[in-house]
Amino acid sequence: MVAAFDSEAVGDAPRTGVEGGAASPAPWTGVERGVGRSALRARGLTIARHGDSGSLLRDVDLDLAPGECVLLEGATGSGKSSLLRVLAGIDESLLRGGGFESASPPALVLQHVETQLLCPTVGEEIALALRMREVPSDRIAARVRDALADVRLEGMEAREVDRLSAGERQRVVLAAWLALEPRVLLLDEPFAALDGDSRRALVRVLAERKRAGLALLIAEHATGDLAPLVDRRLVIEAGRVRPAPTRVESDASPGVARREALARETAGRGAIGSPAASIAPPASLAGILPGSRLLVTGPNGVGKTRLLRRLARSRVEGARVALVLQEPRRSLFARTVREEIAFSLAREGVPEASRGARIDALLERFELVAQATRSPRRLSAGQQHRLAIAAALAARPDFLLLDEPFAGLDPAARSSLRRVLEAELTESGAALVIASHDLEPLVDDCTHVAHLSGHDREAGAERRASSARALEYRAIDSPLHRAAALPKLVLAFGVAGLALALGGHGPLLGLLAVVLAGYALARLGSGALWRDVRWLVLQVALLVGLTVALRGTTAFADALQSGLQLVLVFLPMALFVRTTGTQSMLEGVRRWGPARVALAAGVALRFVPVFVRELGELVEMQRLRGARLAPAELWRPGAFLDWLGCIAVPMTVRAIELAGEAADAATLRGLDAPRSAP
């Protein structure tokens, strides 16, 4: 059951949810509280996970008043996210009993924000729901500017969302909601991807909105910065939601202060491995000594993840490297937890009889013994997190690179992971490199810190350029970007059809020249072209190689023609995706089809580059685990099985997840049933 959200007429569309998923005949009027009438009320909620017969949460009662902030705490996997999703109306199938209602549909910012971004640029993302409600353009522009100022992203309307850090994406999603001026805001781990300055800025924004009557329900582990905001605390324990002391302890401590001061100290250039040395960011792994603990820190968007991936590619002769990027669950593919851990051992040539002791030790150390025979996809988020790191450690790498490994973990889980990592790395003598803005988990562990600062020049250029085209919000302004979506789509299909109908290398090469001229006209640059064609080049090489191997050199010309046709089918569509935003798609398709169809088409285009980027990240991680994915190896039968198991299966699952999560995001903002603003 989904209700549209109209920020201009909030009180006329109450959300209800009762046992069995049916709506109550009349909205609750709320109960009187010291700060006013209830904005959100729940009674006797019983919630279960998908596929589980038992309940995750039982008999949950909740009252949230206007202008009140309630902090929801609990261990990782205790049910905080499930409760928020039920209250927001995107997972009411989890509801097994009880009922809830709010005066207006609650806004929800989920912890994993990647798939909540439905448009290619920041400004278009924030303006989308407003445009669907036919808010006047001048008011849209003002709301977009105000919302970005609230989250400290001023002037970034034309910034591409795929070029933002995780923390910046989270702030963009929040800004999109603030532009809609909700009455109830649910936040799931809002601090997980934010640096200290961004956390404090977010608290200031929420405090201002709270004073204006916004009701807040926040699920969070890192609670210290929330102290001035919180009115009440609730804790999930053993499936029950219980009141807790209101006081929120500050996260500040002498150790944290010392480490933050160290992170800011960029003038020192201590030797790697010396106690608490401040160093320049390393150019490669070659300069990092065994046993070192390097923390790469800096504000959101500064390039910590890019540095980590560059280090992984630098390699050291004869050294084993393991890389675990954010959301490590994406790398899991095996049938069971035990097989997931065993994979890299098998690829390292460890005899099967010798693997058992190592696997058992990791299962014990990472508290996964009871889950050894379960599918990794059936684990909780915290268990998947631990499993991905255990699998990376299985073959005892010389360098372990972790990207935000403590994000989203409760204090107990963080402490446990620290102990496990220290024990593993002490035994192996491996070096650890962690990219994180979160200093506290490593206060007593890191031996040196590399601090990154400042956004790249391109970001600054995009910020300056955006002010000239406030309502277009294009990262690049070119004739092809300004062209209508429908003619471009017809032209892309026409080029693809012509490529399939043509014969001979000459005409196909001429058609390819036309498409490449389109890239030049769109001012996309060689980098965008290479990202679009690199996988095609590999596929064409495989096609030509296999054809020649099976049919002989006389088939080379035919194989090359088929390869060119493959390129000309895909590349025009890639060019269309890069030059057509979600809003342009909406405007083009709504002339002859329903808004839902237009929205689905636009969102699908938005996630094509996301899917391609995640594919590249997955290939990178799996190759470091020993998967045979190098271009020179793919012709071997064993390598094909690795590609099928390590890449094809996880990415198929990921495609399904992307579709579901994008649908949730559209539902949350009322985009599946838009209404006009008065």
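The values are calculated or read from the model by the stated rules, or taken from the named source; none is laboratory data. Since we're looking at a predicted model, the values are computed, not measured. Cβ sites come from the backbone with ideal geometry, for glycine too, and all protein chains shown count toward neighbours. The protein model used for the area step is the full one, side chains on, heavy atoms only, and it has no ligands, DNA or RNA in it. Shrake-Rupley method; radii C 1.70, N 1.55, O 1.52, S 1.80 Å.
What the table shows:
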| read-out | value |
| --- | --- |
| Answer from S292, S314, S354 - the residue that is touching a Leu at 6+ places or on another chain (Cβ under 8 Å), more than 23 Å from E422 (Cβ to Cβ) and among the polar types (S, T, N, Q) | S314 |
| Residue in the stretch 474-482 that is buried (at least 17 other Cβ atoms within 10 Å of the Cβ), under 32 Å from the mean Cα position of the chain (by Cα) and at pLDDT 80 or above present | yes |
| Residue within the stretch 48-65 that is at pLDDT 90 or above, open to solvent by less than 10 Å² (accessible area, probe 1.4 Å) and either in a loop (DSSP other than H, G, I, E, B) or at positive phi (or both) present | yes |
| First in the stretch 527-545 and more than 17 Å from V577 (Cα to Cα), second anywhere and surrounded by 15 or more Cβ atoms within 10 Å (Cβ to Cβ) and of a type in the set (V, I, T), Cβ under 6 Å, 6 or more apart | none |
| When residues of the stretch 172-202 are limited to those that are open to solvent by 10 Å² or more (accessible area, probe 1.4 Å) and without any contact (Cβ under 8 Å) to a residue 60 or more places away in the chain, the one nearest to L108 (Cα to Cα) | L202 |
| Set R606, R613, R596: member being part of a helix (DSSP H, G or I), among the basic types (K, R) and at pLDDT 75 or above | R613 |
| Those residues of the stretch 324-364 which are among the acidic types (D, E), assigned to a helix (DSSP H, G or I) and surrounded by 19 or more Cβ atoms within 10 Å (Cβ to Cβ), in sequence order | E340 |
| Count of the stretch 78-89 residues which are closer than 18 Å to T667 by Cα and open to solvent by 20 Å² or more (accessible area, probe 1.4 Å) | 3 |
| Pairs, first under 11 Å from L117 (Cα atoms) and hydrophobic (A, V, I, L, M, F, W, C) in the stretch 656-671, second open to solvent by 10 Å² or more (accessible area, probe 1.4 Å) and outside any helix (DSSP H, G or I), C-beta under 6 Å, six or more apart | A666/D672 |
| Qualifying residue in the stretch 393-413 (condition: free of Cβ contacts under 8 Å to residues at least 60 places away in the same chain and open to solvent by 10 Å² or more (accessible area, probe 1.4 Å)) | no |
| Residue under evaluation L387, criteria (1) more than 22 Å from G74 (Cα to Cα); (2) open to solvent by less than 10 Å² (accessible area, probe 1.4 Å), criterion not met | (1) |
| Residue ID - farthest from L186 (Cα to Cα), chosen from residues in the stretch 645-674 that are of a type in the set (D, E, K, R) and open to solvent by less than 20 Å² (accessible area, probe 1.4 Å) | R654 |
| Residue match in the stretch 375-383 (condition: assigned to a helix (DSSP H, G or I) and surrounded by 21 or more Cβ atoms within 10 Å (Cβ to Cβ)) | yes |
| Only listed residue being farther than 16 Å from D188 by Cα and either within 24 Å of the chain's Cα centre (by Cα) or not acidic (D, E) (or both), chosen from V173, V113, V161 | V161 |
| In the stretch 433-451, the residues that are at pLDDT 80 or above, touching a helix residue (DSSP H, G or I) at 6+ places or on another chain (Cβ under 7 Å) and open to solvent by less than 10 Å² (accessible area, probe 1.4 Å) | V433, I434, A435, V449 |
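Listed here are the residues, each with its yes/no results for (1) open to solvent by less than 50 Å² (accessible area, probe 1.4 Å); (2) within 28 Å of I476 (Cβ to Cβ); (3) over 28 Å from the mean Cα position of the chain (by Cα).
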site: H505; (1), (2), (3): no, no, yes
site: L509; (1), (2), (3): no, yes, yes
site: V515; (1), (2), (3): yes, yes, yes
site: R551; (1), (2), (3): no, no, yes
